[in-house]
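Values quoted throughout were computed directly from the atomic coordinates according to the rules given, and no laboratory measurement underlies them. Just so we're clear, the structure is a prediction, and the values are computed from it rather than from any experiment. Cβ: placed from backbone, ideal geometry, glycine included. Neighbour counts: every protein chain shown.
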Amino acid sequence: MEINIPYGESAIALQIPDSNLLGVIKPNTPPITTRIGQKNDLIQGLKDFLSKAKRVLVIVNDYTRPTPTAEILKWINGLLKEFEIRFIVACGAHRAPNEKEFYQIFGDFYKIYQDKILVHNPNDKTALFFLGKTRFGTPIWLNRIILWADKIITINSVEPHYFAGFTGGRKSFVPGIAGIETITQNHKNVLNPKATTLSLKGNPVHEDMTEITKMIPKAVFSIQIVLDACHKIYSLHFGDIFKSFDNSINDAKKIFCVPIKKKAEIVVTCVQHPYDINFYQAQKAMENAKLALKDDGIIIAVSKCRQGVGEDNFVKFLASFKSPQQALKQVANEFKIGYQKVVRLAQLLSSSEVWTVMDIDDKIIQSVFMTPFPNANDAIQAAIKKKGKDAKVLVLLDGSLTVPLTD
């Protein structure tokens with residue numbers, strides 16, 4: 001059977017024998033009758049919230065998220081013009097956006113608000129203020145632009161996340177506009193087995209983020225979006241950051257959690273835009289693929305990786321060891337940002353093989369205990385040959401945003 005799978009801005013014709021193909025999985029397309037927040041309700045709710053405010057801060061996601069920030073700004077811009085506005089791009093520990101990525105985030109509003117847009121830098125301590133510590137011992141350093149604002153608006157999207165449970169909500173603040181010490185300590189909780197996809201209760205990463213968000217000293221109006229498989233707005237919840245997050249989670253599960261009858265020996269996981277920006281982001285698709293993979297199976301990760309590796313601390317660290325198991329033993333004593341990837345990749349590589357089809361140098365891929373292939377069809381043929389003629393193959397067309405769940 002021929003299946004067109006995404007690769008950058010084009011597609012690859014992937015050939016899989018019918019007898020081996022277990023299924024092709026993509027995010028769900030729920031009925032249109034799903035409850036969608038109304039534009040007028042959003043504007044009125046925001047108008048009520050902003051009463052008596054003069055200075056308003058809008059926190060937006062960076063280029064690694066598909067959040068339709070520009071579309072939301074079209075709805076609320078008429079209201080925002082009445083206030084002294086600042087925007088901050090919640091980069092967390094990611095690099096600053098380039099000009100193309102600013103347009104990706106803001107659309108035509110980039111020209112209008114260019115001189116009012118800040119980019120968070122977690123390493124600039126002069127731009128941070130200290131808020132205390134959480135019960136997990138995390139020091140809370142946040143961007144001091146919060147102190148400038150009378151009120152805060154956050155715009156973000158909610159989807160499954162491989163160790164925070166879900167994106168959205170509290171992530172506008174942590175890691176979004178948090179200092180590097182805060183992000184590092186919070187992300188070190190990835191070592192806890194409850195820090196995993198869809199998990200919130202008992203997940204120390206999520207609970208730590210939530211505790212920090214409850215300490216924000218200014219009122220927050222949150223706009224939370226769930227996108228469908230075509231990256232169109234499926235649902236919109238707004239107002240209280242915690243209530244809107246909880247409501248969005250229920251909708252996100254309807255979109256991204258896809259039932260499968262059984263696991264496969266081989267899982268092809270495709271990384272679509274914007275997650276195909278680099279190897280760092282592509283890892284999330286491998287994490288989801290693991291949920292559909294039999295023990296000792298093979299994951300074939302297909303991603304353009306348009307900007308190469310991305311944040312490369314985790315690659316350098318993992319490559320410095322003789323085995324993934326050795327890396328796991330060491331990471332708890334030497335945790336840095338990016339090492340959350342080391343933990344998950346090392347765990348994955350301890351129970352399965354990862355093969356890649358990526359625009360990344362083969363030596364880099366091999367240095368982190370993975371096997372590179374020049375194209376997806378060569379990888380499929382080799383995987384079936386290795387796992388046996390009866391091996392089953394499952395294809396995740398949007399691996400970053402598809403969570404396969406066995407019945």
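If you take every DSSP beta bridge fully contained in the chain, what fraction is antiparallel? Give it as a percent rounded to 5.
Within the chain, antiparallel bridges account for around 30 percent of the total.
Taking R0 as 35 Å, what's the FRET efficiency between C257 and K125 from their Cβ-Cβ distance, rounded to 0.05?
0.30
Once amide H atoms are placed 1.01 Å from N in the peptide plane, what residues at a sequence separation of 5 or more from L128, or on another chain, have their amide H within under 5 Å of its amide H?
R144
Report, in debye and to the nearest 20, how large the dipole of the range 151-310 comes out about its Cα centre when Lys and Arg carry +1 and Asp and Glu carry -1 on their Cβ.
200
How large is ³J(HN,Hα) for each residue in the range 307-320, as worked out from phi by the Karplus curve 6.51 cos²θ - 1.76 cosθ + 1.60 (θ = phi - 60°), to whole Hz, x for Gly and Pro?
Each residue's phi maps through the Karplus curve to give 10, x, 6, x, 4, 9, 4, 5, 5, 4, 5, 5, 5, 7 Hz.
Add +1 for every Lys or Arg and -1 for every Asp or Glu among the other residues with Cβ under 9 Å from the Cβ of W148, and state the total.
+2
Label points 7 Å out from Cα along the Cβ direction at D312 and D359: separation in nm?
My value for the distance between the label points is 1.7 nm.
Over the Cα atoms of the range 217-329, what Rg and Dmax result, in angstrom?
18.0, 50
Provide the per-residue ³J(HN,Hα) series for the range 20-28, in order, calculated from phi with Karplus coefficients 6.51, -1.76, 1.60 and θ = phi - 60°, each as a whole number of Hz, with x at glycine and proline positions.
9, 6, 7, x, 10, 10, 9, x, 5
On full extension of the chain, what length is gained from Q325 through K218, given 0.36 nm per residue of separation minus the C-alpha to C-alpha distance?
So the chain would gain 34.1 nm between Q325 and K218.
Using a basic spin-label model with each label point 7 Å from the Cα along Cα→Cβ, how many nm lie between W75 and S19?
Here the answer is 5.2 nm between the modelled labels.
I need the calculated FRET efficiency for the pair K385 and L200, taking r as the beta carbon distance and R₀ as 41 Å, to the nearest 0.05.
The computed FRET efficiency comes out at 0.50.
Using the Cα centre of the range 39-227 as the reference point, and only Cβ charges (+1 on K/R, -1 on D/E), how large is the resulting charge dipole? Debye, rounded to the nearest 20.
Result for the range 39-227 is approximately 360 debye, rounded to the nearest 20.
Given Cβ point charges of +1 (Lys, Arg) and -1 (Asp, Glu) and nothing else, what value in debye, to the nearest 20, does the dipole of the chain about its Cα centre take? Mind showing how you got there, number by number?
Details: 51 positive and 40 negative charges, 181 e Å.
That gives the chain a dipole magnitude of about 880 debye.
Calculate the FRET efficiency for E9 and T371 from the Cβ-Cβ distance with a Förster distance of 45 Å, rounded to the nearest 0.05.
Efficiency for this residue pair is about 0.95.
Please state the shape class of the range 294-359: rounded when a/c is under 1.5, otherwise prolate if a/b exceeds b/c and oblate if not, all from the C-alpha gyration tensor.
Numbers: a/c = 2.37, a/b = 1.15, b/c = 2.07.
Oblate is the answer for the range 294-359, as a/c is 1.5 or above yet b/c matches or exceeds a/b.
Between L227 and residues 5 or more places away or on another chain, which pairs have amide H atoms under 5 Å apart, with H built 1.01 Å from N, and which residues are they?
Amide H neighbours of L227, under 5 Å, 5+ apart: V158, Y234.
Go through the range 118-131 residue by residue and turn each phi into a ³J(HN,Hα) via Karplus (6.51, -1.76, 1.60, θ = phi - 60°); whole Hz please, and just put x for glycine and proline.
Computed from phi, the couplings for the range 118-131 are 9, 10, 5, 10, x, 8, 8, 5, 5, 9, 10, 10, 9, 10 Hz.
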